[in-house]
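The values are calculated or read from the model by the stated rules, or taken from the named source; none is laboratory data. Just so we're clear, the structure is a prediction, and the values are computed from it rather than from any experiment. Note that each Cβ is placed from the backbone with ideal geometry, even for glycine, and that neighbours are counted across all protein chains shown.
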Amino acid sequence: MGTNGHKHMIGAHTMDMASTEGTKGAEMSKGRHATHTTRTQGVGHKAGLGLVAGVTMAGMLASPGIAMASEADATPDATQPQVQATNAANPIEQAQQAVTAAQDGLDAARQDMQQAQSTVDGAQAGVQAATNEVQAAKDNVDAAVNADPATNAAQDALAEANTHLGNAADRLDDAVAAQQAAQAQQATAQQAQQAAQQDADAAAQAVAGQQTVVDRLQEQVDHTDMDALQGEQAAKQAAADKTAAQSAQADAQATDAAQKADAAQQDVAKAEQLAGDAKDPAKMQAAQDKADDLKTIADATAKAADKATANKQAADKALATAQTNVDKAQTDLDKATDTATQAKTAADKADHELAAAQQTAQRTAADAAATAQAKTAADAKVEAAQSAADTAQAQLDEATKAQRAAQEKLAEANRVLAEVEPAGLAAEQQEKLGALGWFQHRGSLIAQEALTNPDAYYMDGVLDYTHIGAEGDATSLPNLIEGIKMVQETNRLRATMGLDPLPVSDFAMAQAMVNANYATVLLGHSGNFYSSENLAWGTDTPYERWWTAEKETYDEAVASGNYPGLENMEALGIQTTYPDLWQKVGHYINLRDQSYATGAAITQVHRDLPYAAPTAAQEFFTHTSNGFRDARTEQLRAMKETGPYTDADEYLAQAEAYVNGLQTAKAKLEAARKAVSDAQALLDEANARVQATSVAKQAADKDLTDAQAAQSQAVAEHTKAQQADETAQSALAAADTEAKQANRALSDANGRVTDAQAAFDAAKGEYATAKLAADKATAAAQDATADAEQAKLAADKAAAEYAAMQDAAANLTRAQEAYKAAKQTADEMAQRAQQAKQAADEAADELAGATQRVEDANALVTRLGEAKATLADREQDLKDARAKLTQAEQAVAGADRDAAQAKAAVEAAQTAKTEAERQVADAQAALDAAKKAAWDTPEVKAAQAKLDEANKALDEAKAMLKDAQDAYREAGEAVSQREQEVAAAKAALAALLDGQNHNGATNGSTGANGSTGTVGGVHGGATVIGAVDKTGGATGTTIADNTVASVPESVQAVERAAQLASTGSDVTALAVAGAMAMLTGAGVMVAAKRRS
């Protein structure tokens, strides 16, 4: 609890473990602590949590099964003998003296250990101070070296060189990236060119192959004599016609001869019949009549036959004339065909030459067009390169102008930075100090010591949880403002009751910050200040509990009448009179009661503890003078804060002005730094721009030179291509004229062939008509002759039959001879018909062969025409492929130029980077030389001498610390030995006391100037722990009930000896001897431990 007699007693302490009302789900529990200090001064200042050891030990060694008795029950019976008590008095007194002596030795050892600890702390502080001095000396040496003008200049030169190197590296990276892109484009163009070349080669190979086919077919056509083939066909046709006619005539003659033989055979049969009929006169007269009739018919048919023969002779004459005309037309046709063939050969040659001329003209025209395009492209590139060069020059001029402007802007920014930097740096440092900087600003030394000096506290580690200026720490500037606002809230609440506002104390503010940070870990009051205190966890509005809720509880308590005089009591009266109520309203009472000053703090630091952040603390000064009463040094204990204190509103205004001033200075510094950074970046950009535009200008100039050279080459190539195209066009015109003339001659010759063929066809038609008429006349003559012959035969036959009847025997003989002659003639005619048919078949076969040869020749001509058409298509494909190849070659040329330019740019950038690296190396060497030279300056030598002294002092401080640590370790071993001695003495005393009183109860021991506690036996009693203060009583707290403790075996041995004494035996010597043996054993163990 609060200081001055009660600072370690936990009072008015409650923890609300319920969830906050109105929230969804479980929230972190809230805790509240309130302590109050009285205004009376005590004798002592240091107090600790004391345990009444005698009471505890007595409880542990009490005989089991004995209930606690009241003081009246413990009074001995007057009638009982007193011998046992008398006999045991001397050994108990001796044991008590041994305990006292051992305790004195332990206190002395602890004092020695405390002094050793102070020595260690001082030595550690000395080592830390020496370490700080060494670091400061090192910083001074570095500062002295860096303060040298030559070093500064070298450092600036190195920084500038590094900047240039970075820019050069960036430009090299850009150039490499551009080169890689150009190389990729070059590779793509080369692949496209290779593909186009392959296509052109394939097309040329196809043209060559097709040309071979055309040449082979043309050679075959040239070696084919169509006139001869057609003449042969015509001759074979005439021969076939002739032999066919002869075969038909022979066949007809054979048929006629066969018929005549048959008739002669019939005549023989008839002669044989006539020979029989001749003997009949009637038949004779009938035969004579028949002969006369048939003679008349024969004469008539003979006249008709003569007329038909005359007609046949006229038709044969007309046929001969038609044959003559056919022969003449065939001769004319052959001549026209020969002329057409010659014209065709000449036309084919002219066409071939024309095609060659056309191909040459197309190639030269394509070359002329390509070179024209190349010239146009070259002209455009020259124009673009000139424009680019002009643009690059303009950009270089603009970049140079921007560079000068950026240099001026950087100089101005550096001037402004130099003006605001001291104040800005100081503000940054002050901001890092947080509230410590604020207290420095106010000149409050005691508040500064409270935040930074561990010696201001009698406990170790109080400041371990305070991190000056850290985010969320109570000492941060935002939390400084929040703490002041907490005081304003306090005054607002007090005003609702008509109470005066509490002023703000720097010292109280510092205390609140330290205790708020402390309470985030240990969840309680640190107890290191003489002030009242409120604590809260898990809420940033503690006044809802401190004031609102607890005031309601207080008002209800007053109204209940259960707390007489409550309304007129101050904090101490409530705390002592109604301690249970105090725990419920302590925070409110601290806020309500009059204090001389207050201070508040809050922290948002979160740690893994039962209570969540934030943690709030508020201190209340109940004295006019406040300071470090329990500090470890006289100087700190002498420091006091006596006021006057500051009004909370004024204090907030001053703090906000202070913070705003820091923020303003920082903002100016940050703005100035940013302006310098921006200006430097602008200058770097301008420098890079100048460098880039300079490189771009050089590249543009080179591009212009290259473009102009390419333009001159393109003009020369175009002029050459134009001349070649003009020559090719002239040759094409001549070839075209010659081809046209040859084709006209061919057309004329073909016309004459057509006319001759028409005349030949007409002659053949006339011949066919004449032949048809001749054949008809011949057939008519033959028919008439046959009819005449038949009639004559019939007449002759009838006459012969009549004559035969007249001379039957002779006629029979003649008939038989006639049949024999007819039969011989028929056989000869049949053989001639067979021979004529064979000749006609052979002539037909020869005609078919000649016709096939003519058809094959015509098919060859057709194939030649088709092959020429295919050749023309493939020549067009070749023309297209060559055009694409030309475009691809131009693209490759452009990509090669771009790649070369990119390579040149990379080489230039690499050269610039190498030069920048050399400049960096030179600047670094110059800086190293400048630093080396600076070591010979008086300033650096003096700083180095101080560093050597600081290092020597540090070594000495470390040696002192080691000695102090060794002494502290030995003091600790001595304390351990004394503690064992005290334990042994107390054990002996307890055994004697237990032996004396094992059948009764004992009174409780009394604290120093404090209240009395009573303990009984193990069963039914309670052990009381009192918080003992040298100036006041202790309030006991029951911590155990019905507790059974184990007793060491060594103590049990002494206890058994004491029990023997209670029976009347003399055990004094045994008890004392046991105690001494235990003490001696403890000493031997400590000595052995030290030796080991």
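With respect to Gln114, determine if the residue is at pLDDT below 90, in a helix (DSSP H, G or I) and not assigned by TED's automatic domain parsing to the domain that holds Ala679.
Considered against the rule, which asks whether it is at pLDDT below 90, in a helix (DSSP H, G or I) and not assigned by TED's automatic domain parsing to the domain that holds Ala679, Gln114 comes out as yes.
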- Message: Being charged (D, E, K, R), touching a strand residue (DSSP E or B) at 6+ places or on another chain (Cβ under 9 Å) and at pLDDT 95 or above is true for just one of Glu556, Glu552, Glu489, Glu533. Which residue is that?
- Response: Glu489
- Task: Give Gln386, Gln429 a once-over and let me know the one that is in contact (Cβ under 8 Å) with a residue 40 or more places away in the chain, touching a helix residue (DSSP H, G or I) at 6+ places or on another chain (Cβ under 8 Å), over 14 Å from Leu682 (Cα atoms) and not acidic (Asp, Glu).
- Result: Gln386
- Query: Between residues in region 729-741 that are assigned by TED's automatic domain parsing to the domain that holds Thr360 and loosely packed, with under 13 Cβ neighbours inside 10 Å and residues that are among the basic types (Lys, Arg) and in a helix (DSSP H, G or I), which pairs lie under 8 Å by C-beta distance while being six or more apart or on different chains?
  - Reply: none
- Does Ala304 fit the bill of being of a type in the set (A, V, I, L, M, F, W, C), surrounded by 13 or more Cβ atoms within 10 Å (Cβ to Cβ) and farther than 30 Å from Ala756 by Cβ? yes
- Message: Looking only at residues that are touching a strand residue (DSSP E or B) at 6+ places or on another chain (Cβ under 9 Å) and not in a helix (DSSP H, G or I) in region 634-680, which one is modelled with the lowest pLDDT?
- Response: Gly643
- Message: Need the failing condition index for Lys295 against (1) more than 21 Å from Ala799 (Cα to Cα); (2) out of contact with any Phe, Trp or Tyr (no Cβ under 8 Å at 6 or more places or on another chain), just the number.
- Response: (1)
- Message: Can you pull out every residue in region 335-344 that is at pLDDT 90 or above and in contact with an Asp or Glu (Cβ under 8 Å, 6 or more places away or on another chain)?
- Response: Ala336, Ala343
- Message: Which condition from (1) crowded, with 16+ Cβ neighbours inside 10 Å; (2) of a type in the set (Gly, Ala, Ser); (3) farther than 23 Å from Trp438 by Cα is the one that Gly498 breaks?
- Response: (1)
- Go through Ala681, Ala696 for me and flag whichever is surrounded by fewer than 19 Cβ atoms within 10 Å (Cβ to Cβ), closer than 27 Å to Arg404 by Cβ and small (Gly, Ala, Ser). Ala681
- Query: What is the number of the single condition among (1) more than 25 Å from Ala508 (Cα to Cα); (2) part of a helix (DSSP H, G or I) that Ala519 does not meet?
  - Reply: (1)
- Task: Return the total of residues in region 423-467 being within 45 Å of the chain's Cα centre (by Cα), assigned by TED's automatic domain parsing to the domain that holds Asp678 and assigned to a helix (DSSP H, G or I).
- Result: 10
- Message: Please count how many residues of region 523-564 are hydroxyl-bearing (Ser, Thr, Tyr) and under 53 Å from the mean Cα position of the chain (by Cα).
- Response: 2
- Subset of region 477-501, residues in contact with a helix residue (DSSP H, G or I) (Cβ under 7 Å, 6 or more places away or on another chain) and on the phi > 0 side of the Ramachandran plot, comes to none
- Can you tell me which residues in region 152-180 are among the aliphatic types (A, V, I, L, M), within 25 Å of the chain's Cα centre (by Cα) and farther than 15 Å from Asp684 by Cβ? Leu172, Ala175, Val176, Ala177, Ala178
- Inside region 559-586, can you point out the residues that are part of a helix (DSSP H, G or I) and in contact with a Gly (Cβ under 9 Å, 6 or more places away or on another chain)? Leu566, Ala571, Gly573, Ile574, Gln575, Thr577, Pro579, Trp582, Gln583, Gly586
- Message: Quick check on Lys290: is it in the same structural domain as Ala780 (by TED's automatic domain parsing), of a type in the set (Lys, Arg) and crowded, with 17+ Cβ neighbours inside 10 Å?
- Response: yes
- Message: Report every pair of residues separated by at least 6 positions or lying on different chains whose Cβ atoms are under 8 Å apart, first residue within region 448-461 and within 16 Å of Ala125 (Cα to Cα), second acidic (Asp, Glu).
- Response: Pro454/Asp460; Ala456/Glu449; Tyr457/Asp630
- If you go through region 587-606, how many residues are in a strand (DSSP E or B) and surrounded by fewer than 24 Cβ atoms within 10 Å (Cβ to Cβ)? 0
- With respect to Thr785, determine if the residue is under 30 Å from Gln273 (Cα atoms), β-branched (Val, Ile, Thr), in contact (Cβ under 8 Å) with a residue 24 or more places away in the chain and in a helix (DSSP H, G or I). yes
- Query: Tally time: how many residues in region 431-453 are more than 21 Å from Ala638 (Cα to Cα) and β-branched (Val, Ile, Thr)?
  - Reply: 0
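Consider region 443-459. How many of its residues are of a type in the set (Val, Ile, Thr) and in contact with a Ser or Thr (Cβ under 9 Å, 6 or more places away or on another chain)?
The number of residues fulfilling the criteria is 1.
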- Message: Among the residues in region 546-559, are any in contact (Cβ under 8 Å) with a residue 60 or more places away in the chain and either surrounded by 19 or more Cβ atoms within 10 Å (Cβ to Cβ) or within 18 Å of Ala655 (Cα to Cα) (or both)?
- Response: yes
- Message: All but one of (1) in contact (Cβ under 8 Å) with a residue 40 or more places away in the chain; (2) farther than 30 Å from Ala631 by Cβ; (3) not in a helix (DSSP H, G or I) hold for Asn491; state the number of the condition that does not hold.
- Response: (3)
- Message: Would you confirm, using the coordinates I've provided, whether Asn152 is buried (at least 16 other Cβ atoms within 10 Å of the Cβ) and either in the same structural domain as Glu981 (by TED's automatic domain parsing) or of a type outside the set (Asp, Glu) (or both)?
- Response: no
